[in-house]
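The numbers here are math on the coordinates, done by the rules we state, and not lab data. None of the values given here were measured: they were computed from a predicted structure. Heads up, the Cβs are rebuilt from the backbone with ideal geometry, glycines too, and the neighbour counts pull from every protein chain shown.
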Amino acid sequence: MIRSVCSIAVLTLAATSLSAQKPTMASMPGMHDMHHEPNAAVSATARRQIDSVAKAIGPLGAPNAATNSGFQPMFGWIPTMGVHWVARGQLLNGRQGNTTTPSQLMFSKIGGRDSLVGAAYGYFTATADTVRPALFDGAPAWHEHPDLAPMGGTLVMLHVWFVPSPDGPFAGTNPNLPFWAVGLAAPDSVRMRDSAFKARVYRASLALAELVDSTSVLSRLERRPDVRAAVAPYRDSIRAVLPEFLAAQKVKDAARWDRAATKAAAQWDAIYSAYLASARTADGKQRIERYVAMLLGRHEH
């Protein structure tokens, strides 16, 4: 991830605090039964396994409980992943074989509350090691973060979502999170089958993320006054689109929702262009491109 030094030391830094609470499904705008997501071909066995994980770590949905169990928040809120609470010891102990003891918890704001939305499994290994544990039925694909490991190594991860995710419960990213964070319903999961609609939703989600936390996408760039000034007008335009989303959502007007999403996505495109233009080196530009590609659901496997 671009905001971090590319070494194990990044993941061993202690973090401060995050106000987190157990998720309240009734408080989640547009929440529906995860078992009815159309884009996820997951077996009944895998569903039961996911349920067992959610049940096992449910008591850790309160910050004190998570902290007392050895988890600490790191990296801040990542728009399509939430905040990762990391159990450092489990992360550094190599391959994980127990599904009910994930190395990370994932929290994100839903209905105005920081909620437990998923878990993650991760370990460091050599780049040449391509064999991954089959923790769940169907052996869902793990993804990699080579930029977070020492030279010659990679950080291998598997996410498990407890909340609806249009790409299924094992997807590396979840574009619903920024929508929930600003009080909107999740995008239509059926329409996410359409690649053009899906791409627009992902871009709109990053636009909304700029309103939730302006430092969440590229925190180092946000500290530069010139970059903040360049993107401020676009953030204002995104803020102006929120009422359009809400109005369309209220009357279930898909065409109106699409127009709002198109506007938001266009503002994100402009912000992204500003971020790229601010890069001072070719390597810096490539890091921005890789990080944003990851947020848009293009993880390395």
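Gain on full extension, evaluated as 0.36 nm per residue between ARG256 and ARG290 minus their Cα-Cα distance, stands at 9.0 nm.
First check a/c for the range 61-178, with a ≥ b ≥ c the square roots of the eigenvalues of its C-alpha gyration tensor; if it is under 1.5, answer rounded, and if not, answer prolate when a/b is larger than b/c or oblate otherwise. Verdict is prolate for the range 61-178. Dividing the mean sequence gap of close Cα pairs (under 8 Å, 6+ apart) by how many residues the range 133-176 holds gives a relative contact order of 26 percent.
Take every Cα pair under 8 Å whose residues are at least 6 apart in sequence, average their separation, divide by the length of the range 191-295, and the relative contact order is 32 percent. Working note: Karplus 6.51/-1.76/1.60 with θ = phi - 60° gives the range 58-65 the couplings x, x, 8, x, 9, x, 5, 5 Hz, where Gly and Pro are set to x. The charge dipole of the range 191-295, taken about its Cα centre with unit charges on the Cβ atoms of Lys, Arg (+1), Asp and Glu (-1) only, comes to about 160 debye.
The Rg/Rh ratio for the range 191-295, using Cα coordinates for both the radius of gyration and the Kirkwood hydrodynamic radius, is 1.01. Under the classification rounded if a/c is under 1.5, otherwise prolate if a/b is larger than b/c and oblate if not, where does the range 146-254 fall, given a ≥ b ≥ c as square roots of the Cα gyration tensor eigenvalues? Judged from the Cα gyration tensor, the range 146-254 comes out oblate (a/c at least 1.5, b/c at or above a/b). Here the calculated FRET efficiency for ALA56 and ALA247, from their Cβ-Cβ distance with R0 = 35 Å, stands at 0.30, rounded to the nearest 0.05.
Extending 7 Å from the Cα toward the beta-carbon at both ASP269 and ARG298 defines two label points whose distance is 1.5 nm.
Spacing of the modelled spin labels on SER195 and ALA134, each 7 Å from Cα toward Cβ, amounts to 3.0 nm. Does the range 40-82 classify as rounded, prolate or oblate by the C-alpha gyration tensor (a ≥ b ≥ c root eigenvalues; a/c under 1.5 gives rounded; else a/b over b/c gives prolate, otherwise oblate)? Oblate.
Shown for VAL241, VAL190: other C-beta atoms within 10 Å of each C-beta, ranked fewest to most, produce the order VAL190, VAL241.
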